[in-house]
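What follows is a short report on a single structure.
The values are calculated or read from the model by the stated rules, or taken from the named source; none is laboratory data. These figures come from a predicted structure and were not determined experimentally. Neighbour counts run over all protein chains shown; Cβ positions are idealised from the backbone, glycine included. These accessible areas exclude ligands, DNA and RNA; they are computed on the full protein's heavy atoms, side chains included. Shrake-Rupley method; radii C 1.70, N 1.55, O 1.52, S 1.80 Å.
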There are 2 protein chains.
Amino acid sequence: MKKTRIGIVGYGNLGKGVEAGLKHSPDLELTGIFTRRQPDQLETLSPAYSIDKLIDFKNSIDVLILCGGSQKDIPLQAPELAQTFNTVDTYDNHNEIPVHFERLDKVAKENKTVAVLSTGWDPGLFSLNRLIAEAIMPKGETYTFWGPGLSQGHSDAVRRVKGVKNAAQYTVPKKERVDKVKDKQPIHYNKKEAHKRVVYLVLEEGADESKVKEAIISMPDYFQGYETKITILDQDTLDKDHQGMPHGGTVIRQGKTTDENTAIYQFGLDLDSNPEFTAAVTIAYARAAARLAKERQYGAKTVFDIAPGYLSPESPEDLRRKLL
Amino acid sequence: MKKTRIGIVGYGNLGKGVEAGLKHSPDLELTGIFTRRQPDQLETLSPAYSIDKLIDFKNSIDVLILCGGSQKDIPLQAPELAQTFNTVDTYDNHNEIPVHFERLDKVAKENKTVAVLSTGWDPGLFSLNRLIAEAIMPKGETYTFWGPGLSQGHSDAVRRVKGVKNAAQYTVPKKERVDKVKDKQPIHYNKKEAHKRVVYLVLEEGADESKVKEAIISMPDYFQGYETKITILDQDTLDKDHQGMPHGGTVIRQGKTTDENTAIYQFGLDLDSNPEFTAAVTIAYARAAARLAKERQYGAKTVFDIAPGYLSPESPEDLRRKLL
């Protein structure tokens, strides 16, 4: 069987996760990693090339997995690369997804490529479960809880506070809220009330602890209005206990099958490594993208548009026999 | 917008669930219920007809939901009705699904219909999650736990024991096993060790309690080898506390994203009414079947073959905007 040939664009945490994850899929192979940095300065396990050379691989890559950031990289890179390659991205700016889709769809249809966007777990698997739960139980309420997990954005925000040397911020859903939803009880939900923020930080020498704390809890959007717990520790402890990138969360729908009867539909993830799991999702969707391209089903696709069977390396017959 | 017209074949618990559930989907309408019994003897809320009249509705039904049993009804009914109608069934005899698929696929392709088989939650949503979890994390182990829930088959088996007047049997997963899996610990799993059986029964007058209990716990396949708890109660208590049909369960994959890192993928259902929820799933797949037929994507389809977006009444644009 001919393997599906994958290219990785961008070698941050996600790109590293894809490189590692591909080892678990014998039907896929890695052609190369493409970077804007000096390729020979990357410590990759696989061949690395300058992104400028990408076009030379037009005929030796079936699908590119775009591992850049959603803010600056993907909006520009994805439509450009979809002119030449089938692509998978993890674009996660929820509000801008419709625009990103339209842009990609046009390029992909014109150039006969497949562009799978916004994979990963949210958007991605969480979206899939929100859709399925709501389609099955139109009457009901869906709740999304994020965490416990490390938030890169919030950790960065804390690190920018004057007097902070280093920090890790975890988003933690309030257990009693989650339990109430699972227990079929009504809850009043808003994101701020449903989550708390847990901060571990190292102070700069001579920094004023109370000023630092005040600056954090009063930070608009990020912390204001949230229950926030701040713990001061030393750099060694931070290095030892807070270097991982765990994350996860839960999507729960409380649906009514009739006026009398409730059904709880629940999907949850608990991930030691957020980027590795996100990478694993992109890999399965890269497999799907290659198949869709083979079937000439060109254009932009989301997780809503792709039949689940396309994600698996097994044949439809085997899937029916083993997993149905 | 023209509504999709649904016919229900069979008016047991599942058929009643479909009738009730359709009220939540304004894009669907119920044309009629078709029964082998005398139609005027059914207490339906909707028009009921003899199943012999079904052919007269060839042009006024878009999709039939087959609500008969998997043992005797579906294997015969489904291939016959798929000659004329698009169909959805809940065929749940796992071992025979491949045969049922091939039979339906042939009929449906020859007659240009769509036949969706084995929907519901297991097979159905549980299968879907087993597939997605394994496709994303090829390295790992998937565990399925059933219950807590009423098992109709086991309740029937207990009722057939001499000296038993009435009974309800619940399948209950062992919490410590489920918790271990969720906690990323290795477990030795087999179905018998992972579940216990909880029986509530009413004795016939003069029955020998210890003989009845012995007959139950030694029943091969059903109870032998299971941890079984039997409670004797009176008919009034059974009627009051054990008339519902709750069920549910959990699919969990312990996957490795790398050798070091684990990810827990979890899907769970907790249902006040098993038949109502199963009905709700068939309704969403009936919507999908109508769309596939419109697109001339004829043949047999399983939950693996259908893109999730087809399940929802909303447009792809709205889904991307609201749920992605």
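A few comments on the model shown:
- Search result, residues across the range A:20-49 that are out of contact with any strand residue (DSSP E or B) (no Cβ under 7 Å at 6 or more places or on another chain) and open to solvent by less than 30 Å² (accessible area, probe 1.4 Å): A:20, A:21, A:25
- The range A:99-125 residues that are open to solvent by 30 Å² or more (accessible area, probe 1.4 Å), paired with ones that are of a type in the set (S, T, N, Q) and modelled with pLDDT of 95 or more (beta carbon under 6 Å, 6 or more apart): A:111/A:83
Residues are listed down the side, and each one gets a yes or a no for (1) under 21 Å from residue B:119 (Cα atoms); (2) outside the structural domain of residue B:292 (by the TED database); (3) in contact with a Ser or Thr (Cβ under 7 Å, 6 or more places away or on another chain):
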{"residue": "B:24", "(1), (2), (3)": "yes, no, no"}
{"residue": "B:37", "(1), (2), (3)": "no, no, no"}
{"residue": "B:63", "(1), (2), (3)": "yes, no, yes"}
{"residue": "B:73", "(1), (2), (3)": "yes, no, no"}
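- Boolean, residue A:195 is in contact with a Pro (Cβ under 7 Å, 6 or more places away or on another chain), surrounded by 15 or more Cβ atoms within 10 Å (Cβ to Cβ) and not acidic (Asp, Glu): yes
- Lone unmet requirement of (1) in contact (Cβ under 8 Å) with a residue 40 or more places away in the chain; (2) over 28 Å from the mean Cα position of the chain (by Cα); (3) within 27 Å of residue B:163 (Cβ to Cβ) for residue B:245: (2)
- Test result for residue B:158, aliphatic (A, V, I, L, M), surrounded by 23 or more Cβ atoms within 10 Å (Cβ to Cβ) and either within 14 Å of another protein chain (Cβ to nearest Cβ) or free of Cβ contacts under 8 Å to residues at least 60 places away in the same chain (or both): yes
To keep it simple, each residue is scored yes or no on (1) open to solvent by 50 Å² or more (accessible area, probe 1.4 Å); (2) farther than 23 Å from residue A:128 by Cβ.
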{"position": "A:224", "(1), (2)": "yes, yes"}
{"position": "A:234", "(1), (2)": "yes, yes"}
{"position": "A:238", "(1), (2)": "no, yes"}
{"position": "A:246", "(1), (2)": "no, no"}
{"position": "A:251", "(1), (2)": "no, no"}
{"position": "A:254", "(1), (2)": "no, no"}
{"position": "A:258", "(1), (2)": "no, yes"}
{"position": "A:270", "(1), (2)": "yes, no"}
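- The residues on offer are A:32, A:12, A:7, and the sole one that is within 17 Å of the chain's Cα centre (by Cα) and among the small types (Gly, Ala, Ser) is A:12.
- Criterion: farther than 30 Å from residue A:278 by Cβ, away from chain A (no Cβ under 14 Å) and not in a loop (DSSP other than H, G, I, E, B) - qualifying residue of B:165, B:72: B:165
- Where helices (runs of 4 or more DSSP H) fall wholly inside the range B:209-324, the ranges with 1 or more residues that are within 9 Å of chain A (Cβ to nearest Cβ) and modelled with pLDDT of 95 or more are B:274-294, B:316-322.
- Residue count, the range A:1-57 (criterion: within 17 Å of residue A:275 (Cα to Cα) and in a helix (DSSP H, G or I)): 12
- Considering only residues in the range A:120-133 that are facing chain B (nearest Cβ under 7 Å) and not polar (S, T, N, Q), the one that is nearest to the chain's Cα centre (by Cα) turns out to be A:123.
- Residue count, the range B:193-211 (criterion: of a type in the set (A, V, I, L, M) and within 12 Å of residue B:223 (Cα to Cα)): 2
- Meets criteria (open to solvent by 20 Å² or more (accessible area, probe 1.4 Å), among the acidic types (Asp, Glu), within 30 Å of residue A:85 (Cβ to Cβ) and not in a loop (DSSP other than H, G, I, E, B)) for residue A:176: no
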